[in-house]
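Asks: Take a look at the following structure, please.
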Amino acid sequence: MSDETTVRAPLTRRRFLQASAVAAAAATLPIASTARAGGGCDVFDTPAEFMGVVPSPEDVLGFDVGVDREVTTAESDAYLGAVAAASPRVITDSLGTSWQGRPIRYAILGKPSNVTPAGLASIRAATAKIRDPQTPDGEVAELAKTTPAILWIAANVHGSEESGTDASLQALYELADRDDCVVRNVLNNAIVVFVPVQNPDGRELDQRRNIYGFDLNRDTHVRTQPETDARVELMRRYPPLLFLDDHEFGFFRSFFPPNNDPQYQETDETVIEWIEDLYGAAFAAEFVERGWDFFNGSVYDFFAPQFGDTLGAMGFQGAGMTIEVYNGTTIERRSTKHLVIQWIAVTQAAANKERLLNELHLIFAKAVRQGEIGLLERNRRYFNPQRKPRMKVDRRPLRHYFFPPQADKQPELRRLIRRLQRMDVRVDRLDAPLQVPDFRAYGRDPAPRMLPAGTYWVPMAQPQKHWIQAMLNENTYMPTLFTFSLSGWSLPLLANLDGGMSGEELHPAASTAPAVAEPAPPGPPAGAPRIGLFLQSKGTFSYESYQGTRWLFDQRWDIPYTELRPVDVRDGALEDIDVLVTPGSGSTRGMKLLKPPGQRALVDWVNGGGRYVGYRGGGARLAALLGLSTARLHFPAADVPGTLLRSRVDPSSPLADTVGEFAWVLFDDDLIAKAGPSATPIVYPSADDDDWFASGYIDNPKAVATTAVCVDERAGSGRVVIFPADPNRRGMPEGMQRVLWNAIFGPDPAGGVAPRIGSAVRADAERRAREAAAALPNFDGPLRFSVASADADAAAKVVKGYGVALRRYGDGDTVRFLVDNPKELTVEEHPYAIELNAKLRKRGIGVRGFRGP
């Protein structure tokens, strides 16, 4: 068993159980346990009694699911239909379709009377009453006795992680056809929603992401993809008390909660107790019983709301859990481990559903009370409670959020309100002007402000208070020096909207805002240029940035473009292009594929009037390597894990149109750029300036401060605009998407024809830009982590043991490592990333921010 599994000190009302010896005694907890409890109706020792009514997967598909091979999406769908046709316990339907038109099928299992239209409507109505803080406690207690818990088993959100699907089909079969005490206990106390394939396009392509390159497990808070959006809508219809999300990864030990720190403070503590005491302890006990290796914590925290598990907890107050099994073993071993955890989860939830439903009601009632007094949950460490949090939560009362009308940013404002409304947040609009004495604009000190009629008002005193704070926060108050993913994600800041908060007791005249529809795409402006979208390389790092740009052009903007490869550039395709957009990708590979003819073609095209727009490492670095841009690119001596940074915008720049005086940048361990002031219309302020503000985590602000958000230069008759970060990172930074729009469609800056690329006037600046770009390691999508300087040599020795190239950057007390990742794999996909992290920690090396692409 993993060294990551440790015993922790008491915390709050119960002891959190982790170590195998402690986990094996999980039955001593004040909860009903159905796994290995000894006697009674044990989930694994009770003989299964099949009725023979429902066809097995082998009967329908011709092979033993979870043993012989992985099922296809079509086979999974077919089996759901066969079970529903044979069993009155199961209904099936589609929650939506993928980009490629594949249905996303789901099944609901329960007692026959519970899965009729009337039965499901009754369960939804009763669940809504339980979740309503105004329902009297006595009525809730009665409802908790008679209302089934809504439990979810979801799988295959990453298309290449297949085994959870196969396990869930086996679980569905057994729950539909067995008639023993184990299954009767589940049917009497729960309905189970199965979504075996959340990403059908990815499964068919055997790739992690969907067809537009989006990781669907990073999309739940913004819901840009139809696969995500449709699932969340079904979760609203059937709010999960349990959300089990089945995954695979490249490490031989399985993972399940307890989760590592940081854990977002607005996750209700009762939910964390459920995850750790009720479920995690039972999983550990069974794995110990079977002799299976596992670990808790390590790289997997519970912080950003972009994941399926954190959405389940923060958005629905259910026990959201990510389960990982080793992707390098057989389908039988992978599927078996998922199946065991699925059985433990649903039986534990069913055995405790009355208590859980009563506590669920209390969670929502407490949320309203907290909102009334403006109280935010305090920050703490859960996995390592003996350590103090790095940053405390602001203790000033927070009772309201406000967003004034913004005529030039209507799409962003409408999308923000729509996202709140579609998570059951009440949004009002002021009927009259309101004087707010302590209005705190984002990143500013309080000041009086008169808000006009029509301002959107989001009061915190409502059941979804936790989700409101998660979505609208000014800062996440990260308690650790590291996080697995984003450290800042505030929706208003991502959209670059005017807004703020107040802690005063205000009672404005207001009306409920009508439901907001999705804004229509703008389409191309009149006289739009001919756009080329350039893919330099085919690694997953490039795929995500390139395909995400395709999504932006196709779906969000509805603009035409031509896809180009290096061979097209060599063959003269630029003659039909006015603007070339080059997203993040492998510029080293791009230079090789372009060859000298393609490289010369790009230079000549810009000199002759072409506009080059490049971003996120690959696109920006290619411009520097070719001399198109004189920007000097560097890795900053800072850890900046998905943090929102405020930047100043030069209002005289064409890039500033409708953007405003400031723009918020999603800086995700990106490069920084340095250039002359005339070429940097958007910059980060000095770290000592009142305008400097970071929402999220940055350990060394001075390393990023005063550098360029973008570099905009005339070159010959053309123009070059580069962004070191991705202005469309996973579709999230809508404010920077507006800057990108201006870079593509806006006018050139004043100045006319400039010195040509390759001219003597530019020679020195181009040389320095090339040298800086060439000095960057040729690592596209590297693994990254930081350690204390005293641990750097020991850390380097561990990394070198894997025979992989690395680069280290020292800065004071911290040394940062970049580890080559030739296949550009995420931490989950990587064959040894998690093992490397575990080895570093085992050697006593304090790892900060272990991250992949």
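The values are calculated or read from the model by the stated rules, or taken from the named source; none is laboratory data. These numbers come from a predicted model, not from an experiment. We place every Cβ from the backbone using ideal geometry, glycine too, and count neighbours over all the protein chains shown. These area figures cover heavy atoms from the full protein model, side chains too; ligands, DNA and RNA do not enter into them. Shrake-Rupley method; radii C 1.70, N 1.55, O 1.52, S 1.80 Å.
Asks: Could you identify the single residue in ILE323, ILE341 that is at pLDDT 95 or above, open to solvent by less than 10 Å² (accessible area, probe 1.4 Å), of a type in the set (Val, Ile, Thr) and assigned to a helix (DSSP H, G or I)?
Replies: One residue alone meets the criteria, ILE341.
Asks: Does segment 666-689 include one or more residues that are of a type in the set (Lys, Arg), open to solvent by 10 Å² or more (accessible area, probe 1.4 Å) and within 21 Å of ILE757 (Cα to Cα)?
Replies: yes
Asks: Identify the single condition in (1) open to solvent by 30 Å² or more (accessible area, probe 1.4 Å); (2) touching a Phe, Trp or Tyr at 6+ places or on another chain (Cβ under 9 Å); (3) of a type in the set (A, V, I, L, M) that MET471 does not satisfy, given that it satisfies every other one.
Replies: MET471 satisfies every listed condition except (1).
Asks: To continue, here is another question. So, of the residues in segment 776-791 that are touching a residue at least 24 places away in the same chain (Cβ under 8 Å) and assigned to a helix (DSSP H, G or I), which turns out to be surrounded by the fewest Cβ atoms within 10 Å (Cβ to Cβ)?
Replies: Selected residue: SER789.
Asks: Another one. Tell me which strands (runs of 3 or more DSSP E) are completely within segment 564-669 and hold 3 or more residues being under 35 Å from the mean Cα position of the chain (by Cα) and under 18 Å from MET736 (Cβ atoms), or say none if there are none.
Replies: 579-582, 611-615, 643-649, 662-667
Asks: Same structure, new question: Taking the stated definitions as given, is LEU481 modelled with pLDDT under 95, open to solvent by 10 Å² or more (accessible area, probe 1.4 Å), touching a strand residue (DSSP E or B) at 6+ places or on another chain (Cβ under 8 Å) and not polar (S, T, N, Q)?
Replies: yes
Asks: What are the residue pairs meeting all of these: first residue in segment 814-842, first residue under 22 Å from ASN260 (Cα atoms), second residue open to solvent by 10 Å² or more (accessible area, probe 1.4 Å) and of a type in the set (Asp, Glu), Cβ atoms under 6 Å, and 6 or more apart or on different chains?
Replies: Going by the 6 Å Cβ cut-off, the qualifying pairs are LYS842/ASP3.
Asks: Pull up segment 699-718, narrow it to residues that are among the charged types (D, E, K, R) and part of a strand (DSSP E or B), then point me to the one that is farthest from the chain's Cα centre (by Cα).
Replies: Step by step, filter segment 699-718, then rank; the result is ARG714.
Asks: Related question: Output the qualifying pairs, or none if there are none: Cβ atoms under 7 angstrom, residues six or more apart or on different chains, first residue in segment 58-69 and closer than 16 Å to HIS338 by Cα, second residue small (Gly, Ala, Ser).
Replies: GLY66/ALA167; GLY66/SER335
Asks: Spot the failing condition for THR512; the list is (1) open to solvent by 10 Å² or more (accessible area, probe 1.4 Å); (2) within 25 Å of the chain's Cα centre (by Cα); (3) β-branched (Val, Ile, Thr), and only one is missed.
Replies: Single failed check for THR512: (2).
Asks: Is it true that some residue in segment 246-256 is closer than 30 Å to LYS129 by Cα, aromatic (Phe, Trp, Tyr) and either touching a Cys at 6+ places or on another chain (Cβ under 8 Å) or at pLDDT 95 or above (or both)?
Replies: no
Asks: So if I check each of ALA447, ALA432, ALA407, which one is open to solvent by 60 Å² or more (accessible area, probe 1.4 Å) and either touching a His at 6+ places or on another chain (Cβ under 6 Å) or of a type in the set (Gly, Ala, Ser) (or both)?
Replies: ALA407
Asks: While we're here: Checking the conditions here, which among VAL739, VAL721, VAL761, VAL753 is open to solvent by less than 10 Å² (accessible area, probe 1.4 Å) and either assigned to a strand (DSSP E or B) or without any contact (Cβ under 8 Å) to a residue 60 or more places away in the chain (or both)?
Replies: Only one candidate qualifies: VAL721.
Asks: Additional query: Here is a list: VAL182, VAL195. Which entry is of a type outside the set (Lys, Arg), open to solvent by less than 10 Å² (accessible area, probe 1.4 Å) and touching a Cys at 6+ places or on another chain (Cβ under 8 Å)?
Replies: After applying the criteria, what remains is VAL182.
Asks: Being open to solvent by less than 10 Å² (accessible area, probe 1.4 Å) and either in contact with a strand residue (DSSP E or B) (Cβ under 7 Å, 6 or more places away or on another chain) or under 17 Å from GLU829 (Cα atoms) (or both) narrows it down to one of PHE255, PHE283, PHE316, so name that one.
Replies: Unique residue meeting the criteria: PHE255.
Asks: Residues being open to solvent by 10 Å² or more (accessible area, probe 1.4 Å) and in contact with a helix residue (DSSP H, G or I) (Cβ under 9 Å, 6 or more places away or on another chain): count how many of those fall in segment 694-713.
Replies: Total meeting the criteria: 3.
Asks: Taking THR165 as meeting all but one of (1) closer than 30 Å to ASN327 by Cβ; (2) not in a helix (DSSP H, G or I), write down the number of the exception.
Replies: (2)
Asks: Another one. Need at least 1 residues that are among the acidic types (Asp, Glu) and within 23 Å of TRP467 (Cα to Cα) per element, so show me which helices (runs of 4 or more DSSP H) inside segment 208-294 make the cut, counting only ones lying wholly within it.
Replies: Where helices (runs of 4 or more DSSP H) fall fully within segment 208-294 and carry at least 1 residues being among the acidic types (Asp, Glu) and within 23 Å of TRP467 (Cα to Cα), they are 226-237, 269-273.
Asks: Just to be sure before I move on: is THR228 farther than 18 Å from ILE150 by Cβ, of a type in the set (Ser, Thr, Tyr) and open to solvent by less than 10 Å² (accessible area, probe 1.4 Å) in the structure I sent?
Replies: So THR228 passes the test.
Asks: If you go through segment 802-826, how many residues are more than 20 Å from ASP699 (Cα to Cα), of a type outside the set (Gly, Ala, Ser) and surrounded by fewer than 20 Cβ atoms within 10 Å (Cβ to Cβ)?
Replies: 6
Asks: Let me spell it out: the conditions are (1) open to solvent by 10 Å² or more (accessible area, probe 1.4 Å); (2) assigned to a loop (DSSP other than H, G, I, E, B), and MET423 meets all of them except one. Which number is the exception?
Replies: The one condition MET423 does not meet is (1).
Asks: Any idea which of (1) over 28 Å from THR228 (Cβ atoms); (2) open to solvent by less than 40 Å² (accessible area, probe 1.4 Å); (3) in a helix (DSSP H, G or I) is the one LEU362 doesn't satisfy?
Replies: Going through (1) over 28 Å from THR228 (Cβ atoms); (2) open to solvent by less than 40 Å² (accessible area, probe 1.4 Å); (3) in a helix (DSSP H, G or I) one by one, LEU362 breaks only (2).
Asks: Kindly evaluate ARG399 against the criterion of being charged (D, E, K, R) and surrounded by 17 or more Cβ atoms within 10 Å (Cβ to Cβ).
Replies: yes
Asks: Further, regarding this structure: Within segment 797-823, can you find the residues that are small (Gly, Ala, Ser) and under 30 Å from the mean Cα position of the chain (by Cα)?
Replies: ALA805, GLY810
Asks: Now for a separate question. Residue by residue through segment 690-736, note down the ones that are touching a Phe, Trp or Tyr at 6+ places or on another chain (Cβ under 9 Å) and among the acidic types (Asp, Glu).
Replies: ASP691, ASP726 - these are the residues of segment 690-736 that are touching a Phe, Trp or Tyr at 6+ places or on another chain (Cβ under 9 Å) and among the acidic types (Asp, Glu).
Asks: Another one. If we scan segment 602-622, do we find a residue that is out of contact with any Phe, Trp or Tyr (no Cβ under 7 Å at 6 or more places or on another chain), free of Cβ contacts under 8 Å to residues at least 40 places away in the same chain and more than 17 Å from ASP669 (Cβ to Cβ)?
Replies: Yes, some residue in segment 602-622 is out of contact with any Phe, Trp or Tyr (no Cβ under 7 Å at 6 or more places or on another chain), free of Cβ contacts under 8 Å to residues at least 40 places away in the same chain and more than 17 Å from ASP669 (Cβ to Cβ).
Asks: When you go through ASP780, ASP726, ASP791, ASP764 one by one, which is the residue that is in contact with a Lys or Arg (Cβ under 7 Å, 6 or more places away or on another chain) and either modelled with pLDDT of 95 or more or not polar (S, T, N, Q) (or both)?
Replies: ASP726
Asks: Mind counting the residues in segment 141-162 that are under 22 Å from SER113 (Cβ atoms) and either within 28 Å of the chain's Cα centre (by Cα) or assigned to a helix (DSSP H, G or I) (or both)?
Replies: The qualifying residues number 10.
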